[in-house]
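Asker: The structure's right below; bear with me while I get my questions together.
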Amino acid sequence: MRAVRAPGRAARREWGPLCSAVRARLAARGPRAVPLTLASVALTALLQVVQNRPRGYGPVQTLGAVRADDPLGVALLRTPLSLFVPALDLPVWGALVQMLVVFGAAEICLGRWRTLLIAYAATLAGTLYARIGIAAGPEAFLGLPASDARLVDTGPSAAVVALAVCVCCAYGARFTGALVIAAMVAEAVFEDNLAGREHLAAVAVALLLCTSRALRGRQGLEGGRGDRSGAPPIRS
């Protein structure tokens, strides 16, 4: 019986706080709790429909398709929309489900603007890494071949990876976070392509943001302890 209960206790420790936060917010507000997520899913689905139409492919590519051989200014202008342009060689339903689950959990647990910031930072990191990796060449550590400069680099996958890691860090789901990171490392090792490398860049951004937040929290805690060691704080 103890052997049966142990996995349940471990699962509650791992996902209990996260699931409770998501469930409570959805119960209280319903779809209004995740407007950013619903808008992102709708925009991604719309762009998928448009880019698969004869007259829609060109405009979507012009506005949201990023390649490493594009001028940097053009790539930076296209990067925000590129997050929502599904990759043509992957099933769109997978991207939509990932966005609904991960973006939704992040919007509830991290806040709307933080979610958007992390998603954009991860996507931008992938865009910039591609240029650096191609400039370094395939002989360099984490370098990329010149042929990757012509690959269309779009989709929400880097944002999903970064948000998943940040949510796990914020809610103490260490095993799940480590599993996500290990999966991205394995992808980069066994499927050595641009997408896999960009997912590693997204992980690096997420860990940097988590570390920065943890350090700020620790400094705040130490400051609070300093206040308590002297006169009591003034309350309004």
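Asker: Tally the residues that are within 24 Å of the chain's Cα centre (by Cα), small (Gly, Ala, Ser) and not in a helix (DSSP H, G or I), restricting the search to the stretch 52-72.
Answerer: Number satisfying all stated conditions: 2.
Asker: From ALA95, ALA75, ALA106, ALA135, which residue is in contact with a Cys (Cβ under 8 Å, 6 or more places away or on another chain) and not in a loop (DSSP other than H, G, I, E, B)?
Answerer: ALA106
Asker: Examine the stretch 81-91 for a residue that is under 22 Å from SER147 (Cβ atoms) and without any contact (Cβ under 8 Å) to a residue 40 or more places away in the chain, and state whether such a residue exists.
Answerer: Yes, the stretch 81-91 contains at least one residue that is under 22 Å from SER147 (Cβ atoms) and without any contact (Cβ under 8 Å) to a residue 40 or more places away in the chain.
Asker: Give the residue that is nearest to PHE141 (Cα to Cα), with candidates limited to residues of the stretch 171-203 that are of a type in the set (D, E, K, R) and not in a loop (DSSP other than H, G, I, E, B).
Answerer: Among residues in the stretch 171-203 that are of a type in the set (D, E, K, R) and not in a loop (DSSP other than H, G, I, E, B), the one nearest to PHE141 (Cα to Cα) is ARG197.
Asker: Has the stretch 209-221 got at least one residue that is surrounded by 14 or more Cβ atoms within 10 Å (Cβ to Cβ), in contact with a Gly (Cβ under 9 Å, 6 or more places away or on another chain) and among the basic types (Lys, Arg)?
Answerer: There is no residue in the stretch 209-221 that is surrounded by 14 or more Cβ atoms within 10 Å (Cβ to Cβ), in contact with a Gly (Cβ under 9 Å, 6 or more places away or on another chain) and among the basic types (Lys, Arg).
Asker: Given (1) under 20 Å from the mean Cα position of the chain (by Cα); (2) part of a helix (DSSP H, G or I); (3) of a type in the set (D, E, K, R), identify the lone condition not met by ASP153.
Answerer: ASP153 satisfies all of (1) under 20 Å from the mean Cα position of the chain (by Cα); (2) part of a helix (DSSP H, G or I); (3) of a type in the set (D, E, K, R) except (2).
Asker: Quick one: LEU194 ticks every box in (1) within 20 Å of CYS210 (Cβ to Cβ); (2) surrounded by fewer than 23 Cβ atoms within 10 Å (Cβ to Cβ); (3) not charged (D, E, K, R) except a single one, so which number is it?
Answerer: (1)
Asker: Got a number for residues in the stretch 119-152 being at pLDDT 90 or above and within 24 Å of LEU209 (Cα to Cα)?
Answerer: Qualifying residue count for the region: 15.
The values are calculated or read from the model by the stated rules, or taken from the named source; none is laboratory data. Small disclaimer: the values here were computed from a predicted structure and weren't measured. Cβ atoms come from the backbone with ideal geometry, glycine included; neighbour counts cover every protein chain shown.
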